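First up is the structure itself, then whatever we jot down about it.
Bear in mind these aren't lab numbers, they're just calculated from the coordinates by the rules spelled out. The shown structure was predicted, so the numbers you read here are calculated from the model rather than taken from an experiment. When we count neighbours, we look across all protein chains shown, and the Cβ atoms used for this are built from the backbone with ideal geometry, even at glycine.
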Amino acid sequence: MSQIEIAEIIEQIKQEIQINANGQGKASVRAAARLANVNDAGLLRSLKTAADISRSKLVERLIYKGFEGADILSWSESGIPDVAVATILHYYGYEAGKRCTTQAKLACEAFESIGVRAWIQDLLGWTKPATSTETAMTQIQLLAAIAQQMAQQEQYLLEQQQQQTQILARLKAVEVEQDRVNTPCGHKYSVVGFANLQGLEISVKEAGAKGRKASALCRKQGIEIERIHDPRFGKVGLYPESILVEVFKVEQN
């Protein structure tokens, strides 16, 4: 007999165990007998001696623990109280002489640390009902938690709105820059930038000459020439792609 087998027996008798609203457990005579590994009919006969002048040693032990004879007689119908189950297990584990069983001893040892009542409460998932004060405190704590969660959610939404505003501002700036650079004639480039885009090498002198020609074509067509800062030349002009294509094409021809 092992604690594993005790656990298996407990699972088998689970349906014969009850618990009331106060957390007090009861087990059937059969369940108590299974735990102690004794005959349930024999246990019942022993309990019924509570009505006799000559009582069994088990009944005497139960009465010594504070149980009334009339109550003991009713256990066959109402079930054995959890504390009485502990007494029965201890009796058949250590005090029953030749009728002592190893299983009763193991079961008794298994329950000593937590108590039979705590075991039954845990087995059947019972929890102590909250008092009105505890319930009120729980509701207050719940409301506080909800309020805090809503505040955090509001802060999160504000941060999201700020980020969205920043993103929209950046997109607007990009659109403005695209509108500024893009023209019906195409994108605008500096002479050197356009040459690099075409994979062409160009000297400073050639870049200056092409820039002057591009400027002349722009003035002729009424196209405004934009100027940007350049680390090498100070300021350079930006010319529509169509103008630069024409300038480079003429030079290549």
Checklist line | Nonlocal amide H pairs with Tyr239, under 5 Å, H built at 1.01 Å | finding: Tyr189, Ser190
Next item on the list: Please state, to two decimals, what the Cα-based radius of gyration of region 188-252 comes to when divided by 2.2 N^0.38 Å (N = residues).
Entry: 1.01
Notebook entry, point to check: Along the charge dipole of region 3-123, which of Ala96, Ala36, Gly25 sits closest to the positive end, that is, farthest toward it, with unit charges on the beta carbon of Lys, Arg, Asp and Glu (+1, +1, -1, -1)?
Noted result: Ala96
Checklist line | Three principal axis lengths of region 3-123 [C-alpha, angstrom, descending] | finding: 39, 36, 23
Margin query: Taking θ = phi - 60°, what integer Hz values does the Karplus form 6.51 cos²θ - 1.76 cosθ + 1.60 yield along region 53-64, in sequence order, with x for Gly and Pro?
Written below: 6, 9, 8, 6, 4, 5, 5, 4, 5, 5, 5, 4
